[in-house]
1. If the elastic network links every pair of Cα atoms under 10 Å, which of B:GLY280, B:GLY143, B:GLY228 fluctuates the most in the Gaussian network model of chain B?
2. Note down the relative contact order for the range A:33-105 as a percent, whole number, built from C-alpha pairs under 8 angstrom at least six residues apart.
3. Rounded to the nearest 500 deg cm²/dmol, what is the calculated helix-only ellipticity per residue at 222 nm for chain B, with -39500 (n - 2.57) per DSSP H run of length n ≥ 4?
4. For a test of the definition: using alpha carbon positions, the gyration tensor, and the 1.5 limit on a/c, classify the range B:142-244 as rounded, prolate or oblate.
5. Nearest 100 Å² is fine: how much accessible area is buried between B and A, summed over both sides, with a 1.4 Å probe?
6. Bins of 10 Å, beginning at zero and ending with the bin holding the largest distance: percent of Cα pairs per bin for the range B:214-295, please.
7. Given labels modelled 7 Å from the Cα in the Cβ direction, how far is it in nm from A:ALA83 to B:THR107?
8. As a test of reading the structure, rank B:LYS104, B:LYS230 by solvent-accessible area (1.4 Å probe, protein chains only), most first.
Amino acid sequence: MTGAATDRAAGRSGGRAAAWPWRSAAVWALYAAGFVPAAWYFWLGATGRIPGNAIKEFEHLLGIWALRFLLAALAVTPLRDLAGISLMRYRRALGLLAFWYVVMHFLTYMVLDKNLDLAVILADIARRPFITIGMACLVLLIPLAATSNALSIRRLGPNWNRLHRLAYVVALGGATHYAMSVKVVTAEPFVYLALAAALVLYRPLRPAILRRRRRGRPAPAARQG
Amino acid sequence: MAVYRIPPVPQSEITPEPVYLNRRALIAGALASIPALGAAAAAAAPLAVKPGPFGTDEPPTPIKDVTTYNNFYEFGVGKGDPAARSGNFKPEPWTLTVDGLVGKPRTFDLDALRGFPLEERVYRMRCVEAWSMVIPWVGFPLGLLLDMVEPLGSAKYVAFETVVRPDEMPGQKGLFQPLPWPYVEGLRLDEARHPLAILAVGLYGRTLPNQNGAPVRLVVPWKYGFKGIKSIVRISLTEDEPVTSWSRMAPHEYGFYANVNPEVDHPRWSQASEIRIGEGGFFSPGRRDTLPFNGYGEHVAGLYAGMDLRASY
């Protein structure tokens, strides 16, 4: 079974999950929990409780959570392959949370930080490579978010999987954007960059890994789904 | 060389003593009421200070922001790390050695440093990260200390060095260290002797909290904040331009001079404007235009006459 085929199957099973109220409740709970960091920090900032440069702190928090959700979404497939844990029904929520955090990250930069000064914003995007990369990632995420629904998966067929490979580009781009934005080399951006690289690198290695595991164990991994 | 005169302090800038004393009480009360500052407040001792020149009408940044939003990588790279992780640092006893191209090398202890005539200098502080504060420092002109060691004619620069104590400074330990230690900084001798350049031993009327560079730090208000090297143990006079930590780390981003200059951007962000910490709020940040030499141009621009400040950034 190819990677694309499993992903499509997962998309269909995601649609089926609606028939199971507790499953769909779990997904909605993830959405609700996912927005807690943003809501909590926004409240702290709006009530003057973030010391120092509150807007920058809020902006950075949104960026880092965007990256976390994106990496979590990309970890779903290897986690199922290698550990037998299937979180496939949460993947769309993780991906969309990443998208909304990127949107909030950009809006905070554009509205709160730069006060909608378009000349400054456009100059930043054009002249500062880490901002150019960040902006490109946001643009690339838009078609992914727009097609994160059962109808698009059915309509696009195999093209849906091709399109959503852009998530790998965005993960690497997002981690690079983060690493380039900091003043000094510290462990944290490297951890994100390494995780993104590992999760992306897993994809081309996946067929070989799955073949090896099937040879090792006669029982097919399918029952783990 | 033109003789620099300290501008007279206009009467309007001198705070009447009762107000001054009352303000001090207010600050002490505010300090005591902030739990996170409990330890720092307990350690911070009041200093005998008189008002100094170069004041500003701008309101000082609240002490909570001044003492909890810091860049002091010896304690970690997070803005809250210096306040949260500097509790084990012991700024007393302390010695500051002044050596190099001087006639009378000398080691100063804390009593000697606090024995200089201490002034309150309310300065703008512009961080290279495009934020700023207004801080009431307590200190004395660096020039006074340099005069005591009698720099030789060959001395052209002043090099500064921060203490290295991995056991007390968690940022100096571990696998990933942001900068090579010790942190080093430098000034040209004429910059160091400028009356605006001070060694600070306190802020808000009290001894420096650990996170602000206890017990003695440099303040050069017309330069980006990273020039203000903290917890200084050594000052050496040299003939050659000294290495400075940030210009060694990223020479295309940080130069030796690091004068505040709205026309020369950091490669990754604009320096044209700044956020004034503690002013405005989430929805109306205190963003303002950045001034050349951080607004101290009338006093210091002459130091750089004939220099291309785009090349010597």
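The values are calculated or read from the model by the stated rules, or taken from the named source; none is laboratory data. Fair warning: this is a prediction, and the values are worked out from it, not measured in the lab. As a convention, Cβ positions derive from the backbone with ideal geometry for all residues, glycine included, and neighbour counts pool all protein chains shown. What goes into the accessible areas is simple: the full protein's heavy atoms, side chains included, and nothing from ligands, DNA or RNA. Shrake-Rupley method; radii C 1.70, N 1.55, O 1.52, S 1.80 Å.
1. So, out of B:GLY280, B:GLY143, B:GLY228, the one fluctuating most is B:GLY280.
2. Working: 53 pairs, mean separation 25.3, N = 73.
Taking the mean separation of contacting Cα pairs over the length of the range A:33-105, I get 35 percent.
3. Details: 9 runs with 60 residues, N = 313.
Here the helix-only value at 222 nm equals -4500 deg cm²/dmol.
4. oblate
5. Adding both sides of the contact gives about 2300 Å².
6. 15, 39, 33, 12, 2
7. Placing both labels 7 Å beyond Cα along the Cβ direction yields 5.5 nm.
8. So, going from the largest accessible area down, we get B:LYS104, B:LYS230.
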